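Novice: The following block contains the structure, expressed as structure tokens.
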């Protein structure tokens with residue numbers, strides 16, 4: 001309970017916490033092969049500081065931080081406002097939800113998450129400042145597995161089932177991997193697809209838990225258990241394909257929503273190449289934005305836009321919305337970069353090189369975790385220089401009120417109420433400096 005109490009103090013009391021904070025927009029990446037977390041990363045030339053786990057730059061491996069290592073078949077990351085960073089590994093030896101201390105790199109298993117309900121693992125997103133939505137699955141059960149969407153409350157350490165075979169009607173998810181927010185009451189979930197004939201993309205109602213198939217992303221039909229009126233079907237039934245357009249034949253490794261536009265990333269096999277596909281959330285129809293996919297059993301390629309990075313683009317992974325028209329991603333099997341893709345111009349640009357510091361023995365880190373540090377509110381470290389409540393924070397705050405916000409600063413909407421530069425923001429700023437709630 002001590003960790004939960006400490007986290008809630010920082011999030012809800014908005015006291016000037018001693019923990020480090022990262023500037024909004026900074027990137028954090030995670031290696032599934034070594035359990036390494038790098039960040040914050042601010043530009044294409046690095047540096048790529050070690051945040052937690054094994055040092056990839058040393059021939060004699062050392063680690064930063066204490067706690068169970070995060071080596072995993074899939075490692076996802078989540079950054080939340082202020083000093084909160086979370087990791088979700090997927091192996092039976094370490095599954096659960098972990099906090100990462102930004103100052104020490106220590107990894108702490110959060111209360112109640114190392115249980116069967118949290119088995120295996122997929123992506124996670126913040127629902128609000130106190131709750132995390134995360135995917136789980138009975139991975140080794142394959143077609144008999146029952147995927148789940150969970151809600152974790154940071155302040156209480158409580159896990160609740162949002163959607164799964166035991167809550168909500170609709171098709172039962174198998175090996176759900178990717179997750180994004182669709183609107184105020186719905187998320188979208190995409191299955192991974194490894195070992196399965198079909199991959200389904202779902203809309204999930206956060207209130208009822210009901211699941212509706214938006215689109216199918218492989219060329220063949222699949223069979224699933226279904227739930228009707230709270231009763232699970234006795235056998236799997238064929239779920240018809242939905243939507244027209246290009247598909248993949250292996251895994252889906254990323255999902256993002258950009259200003260209402262639904263984007264997935266996947267791969268073809270033999271030879272292995274990647275694709276970025278837009279899915280219409282109403283019809284389920286699919287459009288290839290870049291890369292190579294299958295349409296009518298034939299490979300089709302859409303080149304990336306003029307000036308794009310030239311890269312062997314085979315396993316685009318961990319899509320994250322960066323703007324209302326661009327997303328960022330890694331590639332599981334390399335090369336070790338972070339790319340930004342503009343969905344309007346189809347331009348693919350390298351924004352971070354993760355490979356330049358890797359020593360020879362560690363050339364395949366497989367970066368499956370990617371997070372963008374979000375805008376923070378009610379932080380005493382307004383300029384994010386690592387020191388809270390200083391004269392520099394006060395100067396930066398008033399400069400921002402005057403319209404001159406520094407690149408690493410929070411916004412003039414200090415209290416996060418949607419109105420910028422108000423008396424309420426100023427009053428909240430000085431309350432936080434005094435150690436009081438925002």
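Novice: What is the residue count in the range 303-328 for residues that are closer than 19 Å to residue 182 by Cβ and not in a strand (DSSP E or B)?
Specialist: 4
Novice: Kindly list the number of the only condition in (1) in contact with a strand residue (DSSP E or B) (Cβ under 8 Å, 6 or more places away or on another chain); (2) within 21 Å of residue 87 (Cα to Cα); (3) surrounded by fewer than 23 Cβ atoms within 10 Å (Cβ to Cβ) that fails for residue 138.
Specialist: Unmet condition: (1).
Novice: Another question, then. Any residue in the range 305-318 that is more than 30 Å from residue 60 (Cβ to Cβ), in contact (Cβ under 8 Å) with a residue 60 or more places away in the chain and surrounded by fewer than 18 Cβ atoms within 10 Å (Cβ to Cβ)?
Specialist: So far as the range 305-318 goes, no, none of its residues is more than 30 Å from residue 60 (Cβ to Cβ), in contact (Cβ under 8 Å) with a residue 60 or more places away in the chain and surrounded by fewer than 18 Cβ atoms within 10 Å (Cβ to Cβ).
Results for (1) surrounded by fewer than 19 Cβ atoms within 10 Å (Cβ to Cβ); (2) at pLDDT below 85; (3) touching a helix residue (DSSP H, G or I) at 6+ places or on another chain (Cβ under 7 Å), shown as yes or no for each residue.
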residue: 335; (1), (2), (3): yes, yes, no
residue: 344; (1), (2), (3): yes, no, no
residue: 355; (1), (2), (3): yes, yes, no
residue: 377; (1), (2), (3): no, yes, no
residue: 396; (1), (2), (3): no, no, no
residue: 407; (1), (2), (3): yes, yes, no
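Novice: For the range 157-181, which residues satisfy the criterion of being part of a loop (DSSP other than H, G, I, E, B) and within 12 Å of residue 230 (Cβ to Cβ)? Even if it seems obvious, please write down each step before you answer.
Specialist: Step one: list which residues in the range 157-181 are part of a loop (DSSP other than H, G, I, E, B), which gives 157, 165-166, 168-169, 172-175.
165, 166, 168, 169, listed by residue number.
Novice: Are any residues in the range 48-65 more than 23 Å from the chain's Cα centre (by Cα) and in a loop (DSSP other than H, G, I, E, B), and if so, which ones? Quick ask: steps written out before the conclusion?
Specialist: As a first pass, look at the range 48-65 and keep what is more than 23 Å from the chain's Cα centre (by Cα): 57-63.
If the condition is that a residue be more than 23 Å from the chain's Cα centre (by Cα) and in a loop (DSSP other than H, G, I, E, B), then 57, 58, 59, 60, 61, 62 are the ones that fit.
Novice: For residue 148, work out the one condition from (1) surrounded by fewer than 23 Cβ atoms within 10 Å (Cβ to Cβ); (2) closer than 20 Å to residue 223 by Cα; (3) touching a strand residue (DSSP E or B) at 6+ places or on another chain (Cβ under 9 Å) it doesn't fulfil.
Specialist: (1)
Novice: Taking the options 212, 235, 223, name whichever one is surrounded by fewer than 22 Cβ atoms within 10 Å (Cβ to Cβ), free of Cβ contacts under 8 Å to residues at least 40 places away in the same chain and either farther than 23 Å from residue 294 by Cβ or in contact with a helix residue (DSSP H, G or I) (Cβ under 8 Å, 6 or more places away or on another chain) (or both).
Specialist: Being surrounded by fewer than 22 Cβ atoms within 10 Å (Cβ to Cβ), free of Cβ contacts under 8 Å to residues at least 40 places away in the same chain and either farther than 23 Å from residue 294 by Cβ or in contact with a helix residue (DSSP H, G or I) (Cβ under 8 Å, 6 or more places away or on another chain) (or both) holds for just one of 212, 235, 223, which is 235.
The values are calculated or read from the model by the stated rules, or taken from the named source; none is laboratory data. Just so it is clear, the structure is predicted and the values come from calculations on it, not from any experiment. Note: ideal-geometry Cβ built from the backbone for every residue, glycine included; neighbour counts use all protein chains shown.
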